[in-house]
Amino acid sequence: MASILAVFGAGVYSFFSRRFYRQIDQQLTLLAQAAAPSLSDIERSGSQYLDRVPEVPWRNIFNRDYQSLEWFSASGELLASKGKISSSLPPRLKSQDLTILSERPLKVRMYTISVHSDTDTVNEPLLRGYIRASQSTEEVKNAQKRLVWGLGMGGGVALCFVGVGGLWLTERALQPIEQSFRRLKQFTADASHELRSPLTVIKTSAEVMLNHPERVHPKDARKLAAIVEATGQINHLVEDLLFLARTDAVATCSSVQDWMPVQLDQVLREQTVCLEESAQAKGITLQSQNLIPMLVVGDAHQLRRLFSNLLRNALQYTPGGGTVTLSVARQNQTAIVMVEDTGVGIDRDHFSLIFDRFWRAESARTSRKGGMGLGLAIAKSIANVHQGKITLTSKVGVGSCFRVHLPAVQFPRRRLLNQATAVETCEKASNS
């Protein structure tokens, strides 16, 4: 809308400017034509003729500051002039603009006409001379400035009204979409919640049957094992969807009032211990470096899930013989947890998609078994809830490094023991 108003204002300004200068040209043309009959008298008597004749149609210009007349011979020689505007330029037919330096720079518009005799020479009128009428354009410039101010103020006011009206119309138009989106999120949460019970029943029933192999045909045992595995995957997917739906609905994974100081280094050590066996099974070196004591405020269970997802992702995309390194750094009041691997890496074109739900690169779809592409989405959601963020640096064939930035808190040393005990109690309660 601003562009439309700007184009409209430029069009209005151009139109009125042309009208202003056209009016000046018409006035100067009439003035020069009125003075044309006096050219023969000025050729005989010079400028003295202007002083002897008291009444001529253009006499009033002599007392004006913004108009003048000049008479030229056919060769362009100045014969006489009247008025306070003068120029040493030779006459040129039609109009021209220039700046005259007198007491102050003066913008002038000049219009020149040619005067011919009535006697024909080879069927062509004889050129007798030129008359140039000049007029200051100061009034036009002032009118243009007022026009620009008026258009600018009017356009600004119009743009304000357009903005307010656009916001109101946008809110009205988005209300049905927002309602549909809320219903969709509520349906996802409700469906995920309701699916957990029947999935648990299916998995439990299949496991009970597998625990009594004498009652099951050997060929059916494989089918029951496949049912248990598939049910476990679906149940894990339902849990992830339920978590994401709840996070979208309330923008927090738990009540902020229930958050407590969490020893970040202890949470990271727990995750390395839990995943060490999986790393050894794949022939990957899982190491931790510089796990300095640091406290963050948040939900310990969700923070465990955050770093567990990042570590599992690093292990899944690192080939045997590779290394996954977990380290911590502190920058001002921010704790930075780095999960670095020597895996396949991520193409830079995929950086903006890596945290999207259900998104996986084509290479991951062929090389990775299991997983639904929700691990990094959940990690980012947990980081956002804790007023943090996740950044990524990666190079294909070299590896990737995920950095989790979380706000850290400083506490006096004498309070660390009590807080660590409180965190440990909270962790036991969350595990139970």
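Some notes on this structure:
Residue-wise test of (1) among the hydrophobic types (A, V, I, L, M, F, W, C); (2) on the phi > 0 side of the Ramachandran plot.
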site: ASN290; (1), (2): no, yes
site: MET294; (1), (2): yes, no
site: ASP299; (1), (2): no, no
site: GLN302; (1), (2): no, no
site: LEU310; (1), (2): yes, no
site: ASN332; (1), (2): no, yes
site: MET338; (1), (2): yes, no
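- Given (1) more than 24 Å from ASP240 (Cα to Cα); (2) open to solvent by 30 Å² or more (accessible area, probe 1.4 Å); (3) among the charged types (D, E, K, R), index of the condition ASP265 fails: (2)
- SER288 passes every criterion in (1) in contact (Cβ under 8 Å) with a residue 12 or more places away in the chain; (2) open to solvent by 20 Å² or more (accessible area, probe 1.4 Å); (3) in a helix (DSSP H, G or I) apart from (3).
- Taken as a whole, segment 224-246 holds at least one residue that is assigned to a helix (DSSP H, G or I), of a type outside the set (Asp, Glu), touching a Cys at 6+ places or on another chain (Cβ under 8 Å) and within 26 Å of LEU184 (Cα to Cα).
- Residue match in segment 50-68 (condition: open to solvent by less than 40 Å² (accessible area, probe 1.4 Å) and modelled with pLDDT of 80 or more): yes
- Of all the listed residues (SER14, SER38), the sole one being surrounded by 15 or more Cβ atoms within 10 Å (Cβ to Cβ) and among the hydroxyl-bearing types (Ser, Thr, Tyr) is SER38.
- Filtered by the rule that a residue be in a strand (DSSP E or B) and crowded, with 17+ Cβ neighbours inside 10 Å, segment 317-335 gives VAL324, THR325, LEU326, SER327, VAL328, ALA335.
- Out of VAL273, VAL344, one residue alone is assigned to a loop (DSSP other than H, G, I, E, B) and open to solvent by 70 Å² or more (accessible area, probe 1.4 Å). It is VAL344.
Here is a yes/no grid of residues against (1) surrounded by 10 or more Cβ atoms within 10 Å (Cβ to Cβ); (2) at positive phi; (3) among the polar types (S, T, N, Q); (4) at pLDDT 85 or above:
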position	(1), (2), (3), (4)
GLY152	yes, no, no, yes
GLY155	yes, no, no, yes
LEU167	yes, no, no, yes
LEU184	yes, no, no, no
PHE187	yes, no, no, no
SER205	yes, no, yes, no
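- Selection status of ILE85, open to solvent by less than 30 Å² (accessible area, probe 1.4 Å), modelled with pLDDT under 75 and under 25 Å from GLU138 (Cα atoms): no
- Restricting segment 1-29 to residues that are out of contact with any strand residue (DSSP E or B) (no Cβ under 9 Å at 6 or more places or on another chain) and among the aliphatic types (A, V, I, L, M), the residue that is nearest to VAL162 (Cα to Cα): MET1
- Among residues of segment 270-281 that are farther than 18 Å from TYR317 by Cβ, none has a beta-carbon under 6 Å from a residue that is outside any helix (DSSP H, G or I) and among the acidic types (Asp, Glu) at least six positions away or on a different chain.
- Filtered residue count, segment 98-130, keeping only those that are modelled with pLDDT of 80 or more and of a type in the set (A, V, I, L, M, F, W, C): 6
- Only listed residue being out of contact with any Gly (no Cβ under 9 Å at 6 or more places or on another chain), hydrophobic (A, V, I, L, M, F, W, C), open to solvent by less than 20 Å² (accessible area, probe 1.4 Å) and at pLDDT 80 or above, chosen from ILE390, ILE354, ILE378: ILE378
- Checking each residue in segment 242-295 for being among the β-branched types (Val, Ile, Thr) and modelled with pLDDT of 70 or more picks out VAL262, VAL267, THR272, VAL273, ILE284, THR285, ILE292.
- Any hit, segment 296-308, residues being within 14 Å of CYS401 (Cα to Cα) and touching a residue at least 24 places away in the same chain (Cβ under 8 Å): yes
The values are calculated or read from the model by the stated rules, or taken from the named source; none is laboratory data. Worth saying up front: this structure is predicted, and the values here are computed from it rather than measured. Neighbour counts run over all protein chains shown; Cβ positions are idealised from the backbone, glycine included. Just so you know, the surface numbers come from the protein's heavy atoms only, side chains and all, with ligands and any DNA or RNA stripped out. Shrake-Rupley method; radii C 1.70, N 1.55, O 1.52, S 1.80 Å.
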